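What follows draws every value from the coordinates through simple rules; no lab data is involved. Quantities reported herein were computed from a predicted structural model and do not represent experimental measurements. All Cβ positions, even for glycine, are placed from backbone atoms using ideal geometry, and neighbour counts span all protein chains on display.
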Amino acid sequence: MSILDKAKQIRLSREPQARPLPDEPIAASRPCDISVQSDQSPTPTDPSRPPAGVRLFFGRADGCPTAPDAEGDDAVYHWTWERGPGWFYAAEVGLPAWEMRLRPGLYLRCKVVTHRGTRIVWRNTTDGRKQLRCECAECGKLIKVMRAPPKCPDVEFIARAS
Ligand SMILES: [Zn+2]
């Protein structure tokens, strides 16, 4: 290998591989975002399969917000996801896998100070009613009884990894 070739190789290896993306927080919360990956293998992504963790919005036929498990007149007519390309019709593509979380910025926590994280789950009470509970993700203790979304803005729907 000539000295020129060697110099060229060294120069190439010193060039930065990739520039840091300006929207790093968004990319970090969306691990499947294809814009972070190389353009060499463009895999067609189904827009009705939202990336896990993005916020979901469900609407009734009259346009009012509703919940994915609502029935009758409240049933989902169409839905979309945050930064999604548009509305999807439940009759055409069904519903995405979903779960609930507390809205970001609202911190409810367990009395045990070292416990981190919450989960929002439906539970049956001893007298047979359904109750939406915010529980500690570590010990399962009740932190707060929540009203069901969309009436409760503190609880959001997000896409679940399917
Ligand atoms: Zn706990």
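Working out 0.36 nm times the residue gap between residue 151 and residue 131, then minus their Cα-Cα distance, what length gain in nm do you get to one decimal? Show your work: numbers first, answer last.
Details: separation 20, 0.36 × 20 = 7.20 nm, distance 1.43 nm.
Working it through step by step, the gained length comes to 5.8 nm.
Using alpha-carbon pairs under 8 Å, 6+ residues apart, how would you state the relative contact order of the stretch 33-162 in percent?
Values: 222 pairs, mean separation 32.0, N = 130.
Computed over the stretch 33-162, the figure is 25 percent.
Along Cα→Cβ, 7 Å out, is where each label goes; now give me the distance between the ones at residue 89 and residue 162 in nm to one decimal.
A separation of 1.9 nm, rounded to one decimal place.
Does the stretch 100-159 come out rounded, prolate or oblate by the C-alpha gyration tensor, with a ≥ b ≥ c the root eigenvalues, rounded set by a/c under 1.5 and, if not, prolate when a/b is larger than b/c and oblate if not? Show your work: numbers first, answer last.
Numbers: a/c = 2.09, a/b = 1.11, b/c = 1.88.
The shape class here is oblate.
On full extension of the chain, what length is gained from residue 97 through residue 71, given 0.36 nm per residue of separation minus the C-alpha to C-alpha distance?
On the way: separation 26, 0.36 × 26 = 9.36 nm, distance 1.69 nm.
In short, 7.7 nm is gained.
Work out, step by step, the length gained on full extension between residue 57 and residue 106: first 0.36 nm times the residue separation, then minus their alpha carbon distance; give nm to one decimal.
On the way: separation 49, 0.36 × 49 = 17.64 nm, distance 1.91 nm.
The residue 57-residue 106 span can extend by a further 15.7 nm.
So, in nm, how far is label residue 49 from label residue 113 when the simple model puts each one 7 Å beyond its Cα toward the Cβ?
4.5 nm
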